[in-house]
Amino acid sequence: MAGRQTEAPDSSAVRTALWRAMHVQVDPPPHVLEDEIGLQLAAPDDDWRRRPDMDPRGTSTFRAAIVARARFIEDLIVEQVDHGVTQYVVLGAGLDTFAQRRPEIAARLRVFEIDQPVTQAWKRQRLIELGHGIPDWLRLVPVDFEAGGDWWGQLSAAGFDPGRPAVVVCTGVTMYLTKDATAATVRRLAGLAPGSTLAMTFMLPTELVDEVDRPALEATKPQAQAAGTPFISFYSPQEMLALASDAGFKDARHVSGAALAERYFAGRTDGLRPSSGEDVLVATT
């Protein structure tokens with residue numbers, strides 16, 4: 001596909017998709033998440049598994065953390081659909097593939113994926129090329145965040161009903177945003193209809209990360225800087241809970257990386273475990 005390289009999503013979104021695929025290709029079953037569609041979308045060079053950031057052993061804990069958070073979100077969506085929620089919003093969707101992998105669940109929802117216009121145009125084209133298409137219940141919402149785009153207005157224009165409950169998910173994003181920007185987003189989402197849920201991941205300060213995981217985490221920071229996506233915001237769990245409470249959410253809980261490890265990786269014989277360093281805020285209206 002000529003010219004596609006210049007239009008592809010940012011490197012962190014592609015890396016996340018490739019790690020999800022590597023979990024299926026490299027780690028023995030049971031697989032926490034089965035997702036090779038992101039790999040098909042990204043269509044990397046044939047030697048992609050030889051990239052330094054794809055080293056099967058060296059990046060195994062990051063790979064495990066990525067599939068753990070994705071599985072947690074997916075379980076949350078399924079649970080909320082069973083409770084009657086019919087709207088699902090993905091902020092910073094990147095190469096999210098829930099709609100393609102779980103159409104039996106997604107078709108019971110209206111799914112809104114929000115990301116930069118270039119990313120959304122690229123993804124739309126790739127979904128069509130791969131034969132997935134864009135079903136009516138999937139809305140790819142382009143928002144130019146860097147130009148101060150009004151994501152809330154764009155979401156409403158795409159058919160989102162603020163008067164009905166929704167699940168809003170934001171994973172792997174807050175570390176790239178200022179704390180003011182994240183606080184503004186959380187305040188906006190606190191106004192969602194009663195019965196709505198926000199799930200948002202956040203990176204811990206180094207001193208709160210398990211000692212065994214600190215060197216690897218520190219090594220990723222200059223890599224992120226070099227890729228043009230530096231980590232700029234870190235939160236303690238207490239800080240994130242306070243952010244949700246101050247914004248007006250009725251209830252908020254902290255889900256640690258250790259809790260996800262216990263939930264999805266207990267009893268594995270291959271020693272695979274997620275790195276610590278990224279936790280989840282789950283808040284409800």
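Bear in mind these aren't lab numbers, they're just calculated from the coordinates by the rules spelled out. This one's a predicted model, so the numbers in the text were calculated from it and none came from an experiment. Cβ placement follows ideal geometry from the backbone for every residue including glycine, while neighbour counts extend to all protein chains displayed.
Descriptive notes on the structure:
- Distance histogram in 10 Å bins (all Cα pairs of the stretch 146-285, percent per bin): 11, 36, 33, 17, 3
- Bins of 10 Å from zero: percent of alpha-carbon pairs in the stretch 156-196: 25, 49, 26
- Each peptide in 255-266, 169-180 receives the mean, over its residues, of other Cβ atoms within 10 Å, and ordering these scores from highest gives 169-180, 255-266.
- Candidates Asp251, Asp270, Asp45, ranked by Gaussian network fluctuation over the chain, Cα under 10 Å, top entry: Asp45
- Fully extending the segment from Asp246 to Leu208 would add 11.4 nm, taking 0.36 nm per residue of separation and subtracting the current Cα-Cα distance.
- Dipole magnitude for the stretch 96-238: about 440 debye, using +1 per Lys or Arg Cβ and -1 per Asp or Glu Cβ, origin at the Cα centre.
- Ordering of 272-280, 160-168 by packing is 272-280, 160-168, highest average first (other Cβ atoms within 10 Å, averaged per residue).
- Percent RCO, i.e. relative contact order, over the chain, from Cα pairs under 8 Å lying at least 6 residues apart: 19 percent
- Gap separating the Cα centres of the stretch 13-30 and the stretch 241-285, nearest whole Å: 21 Å
- Rounded to the nearest 20 debye, dipole of the chain from Cβ charges on Lys, Arg, Asp, Glu: 300 debye
- Value of Rg to Rh for the stretch 69-128, rounded to two decimals, is 0.97; Kirkwood radius and Rg both from alpha-carbon coordinates.
- Taking the C-alpha atoms of the stretch 1-143, convex hull volume expressed per residue in Å³: 110 Å³
- Kirkwood hydrodynamic radius of the chain, Cα pairs, Å: 19.3 Å
- Within the shell of other residues whose beta carbon sits under 12 angstrom from the beta carbon of His132, the net charge comes to +3, with Lys and Arg scored +1 and Asp and Glu -1.
- The sum of -39500 (n - 2.57) across all DSSP H runs of n ≥ 4, divided by the residue count of the chain, sets its helix-only mean residue ellipticity at 222 nm to -12500 deg cm²/dmol.
- Footprinting exposure proxy ranking of Ile73, Ile232, fewest other C-beta atoms within 10 angstrom first, gives Ile232, Ile73.
- Normalised by residue number, the volume inside the convex hull of the Cα atoms of the stretch 97-144 is 61 Å³ per residue.
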